[in-house]
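A.B. asks: Okay, handing you the structure first.
Just so you know, all these numbers are worked out from the coordinates, no wet-lab data involved. Treat the numbers as computed from the prediction; the structure is a model and nothing was measured. A quick note on method: Cβ atoms are made from the backbone with ideal geometry, for glycine too, and the neighbour counts reach across all protein chains shown.
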Amino acid sequence: MLQHLRHAWDGFVRPMLRRPPRLQVAALCWRTGDAGREVLLVTSRGTGRWILPKGWPIPGKDASGSALQEAWEEAGVSDGDARDEAIGRYTYTKTYDEGWGVPVETLVFPVEVRSLATSFPEAHQRSRRWVSPEEAANLVQEPELKSILLAL
């Protein structure tokens with residue numbers, strides 16, 4: 001009997017309870033500065049950790065357009081060029097205020113930044129910082145994102 005229950009659990013119930021990852025898009029904002037390539041990081045609103053601007057896909061926009069919109073709202077990228085093709089992906093668990101989390105797969109789109117605004121929708125909720133790709137890799141938490149940054 002126990003074997004039948006285990007088989008039912010492993011073969012049917014457990015797979016149904018697993019949530020597939022939700023999809024987000026991120027903007028890997030970059031520029032070429034005096035010291036070479038730099039990456040723009042922002043702080044998350046909840047924990048204050050360093051992240052890329054990211055969010056859920058926006059209805060009516062393609063994935064890179066959604067990433068560019070997030071770059072504006074979260075980092076103030078007022079003029080930038082987003083590539084249509086993602087350069088990588090990373091996964092993390094998004095934790096909600098209620099304490100539960102969902103798995104998220106995030107597609108990363110490079111955005112060449114031409115100018116930043118001082119006033120933007122989330123300016124009072126986040127800090128932003130230009131850093132080298134190596135320093136950015138040291139500041140973010142997600143291992144797959146670290147690899148993407150180091151590949152720059």
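A.B. asks: Mind checking the angle between helix 63-75 and the chain's longest principal axis? C-alpha axes, 0 to 90 degrees, to the nearest 10.
C.D. replies: Once rounded, the angle reads 60 degrees.
A.B. asks: Turning to a different aspect of this structure: Taking θ = phi - 60°, what integer Hz values does the Karplus form 6.51 cos²θ - 1.76 cosθ + 1.60 yield along the range 27-36, in sequence order, with x for Gly and Pro?
C.D. replies: Result, ordered by residue: 9, 8, 7, 9, 8, 9, x, 4, 8, x Hz.
A.B. asks: Further, regarding this structure: For the range 19-150, what D do you get in µm² per second when you plug the Kirkwood radius from alpha-carbon pairs into Stokes-Einstein at 25 °C and 0.890 mPa s? Don't jump to the answer; show the numbers that get you there.
C.D. replies: Details: Rh = 14.7 Å.
The estimated diffusion coefficient comes to 166 µm²/s.
A.B. asks: Let me ask something additional. Could you work out the relative contact order of the chain? I mean the mean sequence separation of Cα pairs under 8 Å and 6+ apart, divided by the number of residues, in percent.
C.D. replies: Reported as a whole number, the value is 28 percent.
A.B. asks: Within a 10 angstrom radius of the beta carbon, how do Glu98, Glu73, Glu85 rank from fewest other beta carbons to most?
C.D. replies: Result, fewest neighbours first: Glu98, Glu85, Glu73.
A.B. asks: Please list, ordered by chain and number, the residues whose modelled amide H lies under 5 Å from the amide H of Ser132; skip anything fewer than 5 residues away on the same chain.
C.D. replies: Those qualifying (amide H under 5 Å, at least 5 residues apart or on another chain) are Val39.
A.B. asks: Cβ under 12 Å from Thr32's Cβ, Thr32 left aside: what net charge do those residues give with Lys, Arg +1 and Asp, Glu -1? Display every interim value, and only then the final one.
C.D. replies: Numbers: positive: Arg31, Arg37, Arg114; negative: Asp34, Glu38, Glu112.
Combined, the nearby Lys, Arg, Asp and Glu give 0.
A.B. asks: Using the Karplus curve 6.51 cos²θ - 1.76 cosθ + 1.60 with θ = phi - 60°, work out ³J(HN,Hα) for each residue of the range 84-98 in order, rounded to whole Hz, and write x for Gly and Pro.
C.D. replies: With coefficients 6.51, -1.76 and 1.60, one gets 6, 10, 5, 9, x, 8, 9, 10, 7, 9, 7, 9, 8, 4, 6 Hz.
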